[in-house]
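The structure appears below as structure tokens.
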Amino acid sequence: MADGGVRVFQPSAGKYLSSRGTCPRRRGAALATARQRILVVDDDAIVQEVLTFFLGDAYEVRPATTGVDALVKLCHGPVDLVVLDHRLPDRTGLEILTDLRSIRPNLPVIMLTGYGSEWICAAAFKRGVADYLQKPVNAVDLVGTVQRILSPGLERGDSPCETSTLRSLPAPLSIPIQRAMGLIQQRYWDQCSLSALARQVGMSKYHLSHRFREVLGVTFRDYLLRVRLERAKALLAAGHVSITEVAQNVGFGDLPRFDKVFKRYTGVTPSAYRSLAHRLSKK
């Protein structure tokens, strides 16, 4: 679809579908002011879509799917912030960060990684990143980090839900939804039921289900599955554990079901994904 929104998995193709959520555009002097530009360097469109959905009125969000593409755009246009994924099709984020520093030494960068390696975090901060977030990225954390860096008036402790940009949304994030997202990301491997989650955030399961879809554009089950699959992809790429252990670690009871679901949502089997990730890491 052409409408902006938070994207969700499309079974069988590993793509994303756009939820029909749009932000009302502000008029007047604000439109005449040049917006700050965010360059999202990631071959997965979800980060760009989240930032566009929540911050598209305040900032211009531009994509780059490879390291080469990112460096070209940095050389040929103004950029105020880079959101940089560590795993790219052509190079690593750390390699791009080194080149980026030679072009724009003081440009703020937020590093993203799905692998959570301490050495990557340490190396990123040594190269001067402004912040570091682990995938799957919590939308609240991502939006809040971007606003804190680009908006001088937003203090570190402020909630992104209290800013005018998020207040203007037809379905702004709420504290229970933030808590639910956090609990899912913390306990994705466990038997995480909608009823149990609703009790923990102080809502009925029906209200939570409705609000979850209204706010994020995806169902509770879709979000839980996405978190599990993103973690599975990270474990498969790391190559430290067997595929059976990966399935168990992310909450799947048996390997055949994991294999079937993984292929349905990504388009390849877990073993094929691991082989591809291994080949890319050698380049």
Cα-Cα longer than 29 Å, checked against K73/K260; K126/K263; K73/K135, kept in input order, equals K73/K260; K126/K263
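Kindly identify the stretch 239-278 as rounded, prolate or oblate by the Cα gyration tensor criterion: order the square roots of the eigenvalues as a ≥ b ≥ c, call it rounded if a/c is under 1.5, otherwise compare a/b with b/c, prolate if a/b is larger, else oblate.
Working: a/c = 2.36, a/b = 1.12, b/c = 2.11.
It is oblate, given that a/c is not under 1.5 and a/b is not larger than b/c.
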Give me the net charge for the shell around F212: Cβ to Cβ below 14 angstrom, other residues only, Lys and Arg +1, Asp and Glu -1.
+4
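Values in this text are rule-based calculations from the coordinates and carry no lab data. From a predicted model like this one, the values you see are computed outputs, not experimental measurements. Cβ atoms come from the backbone with ideal geometry, glycine included; neighbour counts cover every protein chain shown.
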